[in-house]
Structure formats: C-alpha cells, structure tokens
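Heads up: the structure comes next, in structure tokens.
The values are calculated or read from the model by the stated rules, or taken from the named source; none is laboratory data. Small disclaimer: the values here were computed from a predicted structure and weren't measured. Cβ coordinates were reconstructed from backbone atoms using ideal geometry, including for glycine residues, and neighbour counts include every protein chain displayed. Areas reflect the complete protein model, heavy atoms only, side chains present, ligands, DNA and RNA absent. Shrake-Rupley method; radii C 1.70, N 1.55, O 1.52, S 1.80 Å.
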Amino acid sequence: MSEIENTNLTQKEKKPRKKLNWLTKLILLVDVCAAICFFVVYGPYEKIREWYILTAITSGQHKYLAYIFYNNEQIDDVINKNRIMYTGGTSDPDMITIVDNPNTGVYANAYEREILEHDPDQDYKLITIDEDGMYGWITVIYQPQRLNLVVTNSAQGEFITEFSDRYDAKVAINGGGFNLTDDYTRYNLGSIILDGKVFKDTGEKEMLICMTNEGKLLLLNTTIQEAATHDVKWALFFTPFFIVNGVKTQYGAGSSPGGLQPRTAIGQRADGIVLLMTIEGRGGNGSRGANFREMTELFDRYSCINAANLDGGGSTMLAINGELMNEPVSYQGAGERHVYNAIIYK
C-alpha cells in the first residue's frame, strides 16, 4: 500500500471528537470546585481549618458559615486552641508619664526611631505597615489629651468621613461595636463616658477602654460608674485587651486567635504617645488582615505598655483630614460602613 493510501485510510478511521455541551462543562466545574472545597475543609491542613472557622465565627453577621462544614464539637475545639488567656489586672496610671517631646535623638531600635523621629511642629504621624501579607497604618499621636470619643447624631449611624467633617478632625477611626436592628438603627454595645460624664450605663462589669483628661489610656475591668472616678474623659467597651501594664495577653496553641480580620486598635507607650492601629483585611489593598496574636506583637514591637482591640471587620476605617485612607470590606461589599461612634483627634 502506498504512503498516500495509508494516510487516507488513517484519516478515514479517525472519529471526530465530541464537543462538551455547556451543561457538561458546568457539572465538571461544580465537581472541581466541590473537590477543592472538600480538600481545603477536610484536608490535612489544620491552619486552613482554623483560619476558616475563626474568621467566620468572629465576623459580625456570618458565624453560620463555620457551621456549614463543621459541627459544634469541631468548632469548639478550634476556639479552645485559640483561646485568650488574660494575665489579669488593670492599667496602672503611674506607669505612664506624658512627655511633651520624648525625642532625644537616641533610639533603641528602628521601631523606636519610627515613632520618635518627627518634626517638632508635627502633632501626629503616619507609619505604613506592609509585611507578611498585612497592610495598614499606625497613626502616631503625640498629644493624647486631644483624642476624644464622639457618637452619632443619626439613628442609622455615620461614616467615619462624616464624623471627621463634622468635627473638623485631623484623624478619625471607628471606636466600639454596635448592634443593628431590622430597621438599620444602630445602638452601642456596652457603656460609654462622653466628656467626663456617663452617657450610657449597662450596670455591668465590663472591659473598658478609657482615656483620662491628662491623656493616659487606662484598660479597666470594672463598671462604668467606677471608671468615671478615675478622671476619665471618655470610655467605651470592647475586647480583647492585648497588653496591660506591659504584660502581653497569651493565647492558646492555635495558629490564628481571633481569625484574620481587618483590625482597629489603640495602644499607648510609657511616654504617653498613643498609637492608633488600622490593618486592612479581606483583600482590602491586598491585605489578609491580622489575628489577635499579631496585633499584640505589633504593639509590643513599638513599646506599648497598654493596648486594646476596637471594632474591626467591615467597620475598620481611618480618615486623615476627612479623606478615607483604607478600603473597608464587609461580607456585603466594599465601602464605608455607618458606625455608632468614633475616636477623633483635632
């Protein structure tokens, strides 16, 4: 047989390939996605399980996501591994001495230099954090007595930029948490002191983040009435405390206490300088977010002796001179969220 005849025969024997229709392609895609999800959720990577469960459980309205793949026992096990072990005690104001200009030109390390080195006329400073998948800012406040707590005058709350514009604030961040009713009315979680007076009193013993008239950050586990006796200018409830009197909170052996979330937090050094921490998360500016252990280490790195968590997640917002700096991300979408209160600097 000639070579040409053989080629023609081979071509005749070949059967045309059947093209997959759209339904088959869709079924295959669903199968692949299901296989990936099954491997991620039930595979050998414990850190992924912890990340998923803790991130879902610590979200405001999406705790149910953790229960789609895991039962109560599995979830409780992960929570226990990442438990918060407080060292106890409350802030000692005598450990803080407000120093007008602590910059001596001598720095213990590069982090100390970042904080202290600034123009004498500069009353605040922004430091960018960009490491290990975390992105955000530290707002360094050199005159802590100028920080104040303000609350919304709207039932639906306000954007941070609205707070900033209304009070002509140089810096504004979100403060404590809130609950949301069916008609989108926001009401504050926990007790509040505003301008030295008790604004809301739950009557309960709470973990309170307080600022004195002198500018000292106090972390107190007490009632709001007792807190008011400490010359407190403003106070709000939120948890956890990261550092108290220089002693760091300890966490369980798990990989991600608190889950990976956008974070807002406040801390103070012994010289009185206050650090407002804003960490992006859920993909905002490409950031993965931070867990409680990482936040504790960040504040310790910059020599804070007291530090505490504020409301985070989709509520994490930072405005400088009225301009929103970060990309707030909630599970409903991106953009500013209405919040009940704000910490401002003016």
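One table, with the values for the structure above:
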| quantity | calculated |
| --- | --- |
| Enumeration of residues in segment 245-257 that are open to solvent by 10 Å² or more (accessible area, probe 1.4 Å) and either within 22 Å of Tyr52 (Cα to Cα) or hydrophobic (A, V, I, L, M, F, W, C) (or both) | Val247, Gln250, Tyr251, Ala253, Ser255 |
| Test: residue in segment 119-128 that is open to solvent by 70 Å² or more (accessible area, probe 1.4 Å) and closer than 25 Å to Thr296 by Cα | yes |
| Of residues in segment 258-270 being within 18 Å of Thr139 (Cα to Cα) and not small (Gly, Ala, Ser), the one surrounded by the fewest Cβ atoms within 10 Å (Cβ to Cβ) | Arg269 |
| Within segment 301-346, strands (runs of 3 or more DSSP E) holding 1 or more residues that are under 17 Å from Lys125 (Cβ atoms), at pLDDT 95 or above and in contact with a helix residue (DSSP H, G or I) (Cβ under 8 Å, 6 or more places away or on another chain) | 318-320, 341-345 |
| Test set (1) in contact with an Asp or Glu (Cβ under 9 Å, 6 or more places away or on another chain); (2) surrounded by fewer than 19 Cβ atoms within 10 Å (Cβ to Cβ) - Arg301 fails condition number | (1) |
| Qualifying residue in segment 271-291 (condition: part of a strand (DSSP E or B), touching an Asp or Glu at 6+ places or on another chain (Cβ under 9 Å), open to solvent by 20 Å² or more (accessible area, probe 1.4 Å) and farther than 15 Å from Leu217 by Cβ) | no |
| Residue in segment 206-216 that is in contact with a Cys (Cβ under 9 Å, 6 or more places away or on another chain) and not β-branched (Val, Ile, Thr) present | yes |
| Tally of residues being of a type in the set (Ser, Thr, Tyr) and in a loop (DSSP other than H, G, I, E, B) across segment 103-148 | 3 |
| Number of positions in segment 250-286 that are at pLDDT below 95, among the charged types (D, E, K, R) and within 16 Å of Thr296 (Cα to Cα) | 0 |
| Top-ranked residue in segment 171-191 [being surrounded by 15 or more Cβ atoms within 10 Å (Cβ to Cβ) and among the polar types (S, T, N, Q); ranked as modelled with the lowest pLDDT] | Asn188 |
| Criterion: closer than 22 Å to Ser154 by Cα, out of contact with any Pro (no Cβ under 7 Å at 6 or more places or on another chain) and either among the acidic types (Asp, Glu) or in contact (Cβ under 8 Å) with a residue 40 or more places away in the chain (or both) - qualifying residue of Ala334, Ala342 | Ala342 |
| Scan of segment 172-197 for residues that are more than 24 Å from Asn326 (Cβ to Cβ) and either part of a loop (DSSP other than H, G, I, E, B) or in contact with a Gly (Cβ under 8 Å, 6 or more places away or on another chain) (or both), ordered by number | Thr181, Asp182, Asp183, Thr185, Gly190, Ser191, Ile192, Asp195, Gly196 |
| Segment 207-238, residues that are crowded, with 20+ Cβ neighbours inside 10 Å and either of a type in the set (Gly, Ala, Ser) or assigned to a loop (DSSP other than H, G, I, E, B) (or both) | Lys216, Ala227, Ala235, Phe238 |
| Lone unmet requirement of (1) within 22 Å of Ala108 (Cβ to Cβ); (2) surrounded by fewer than 24 Cβ atoms within 10 Å (Cβ to Cβ) for Asn306 | (2) |
| Single residue of segment 66-97 satisfying the filter (part of a loop (DSSP other than H, G, I, E, B), surrounded by 17 or more Cβ atoms within 10 Å (Cβ to Cβ) and in contact (Cβ under 8 Å) with a residue 60 or more places away in the chain) that is farthest from the chain's Cα centre (by Cα) | Ile96 |
| Exclusive hit being under 20 Å from the mean Cα position of the chain (by Cα) and of a type in the set (S, T, N, Q), set Thr181, Thr239 | Thr239 |
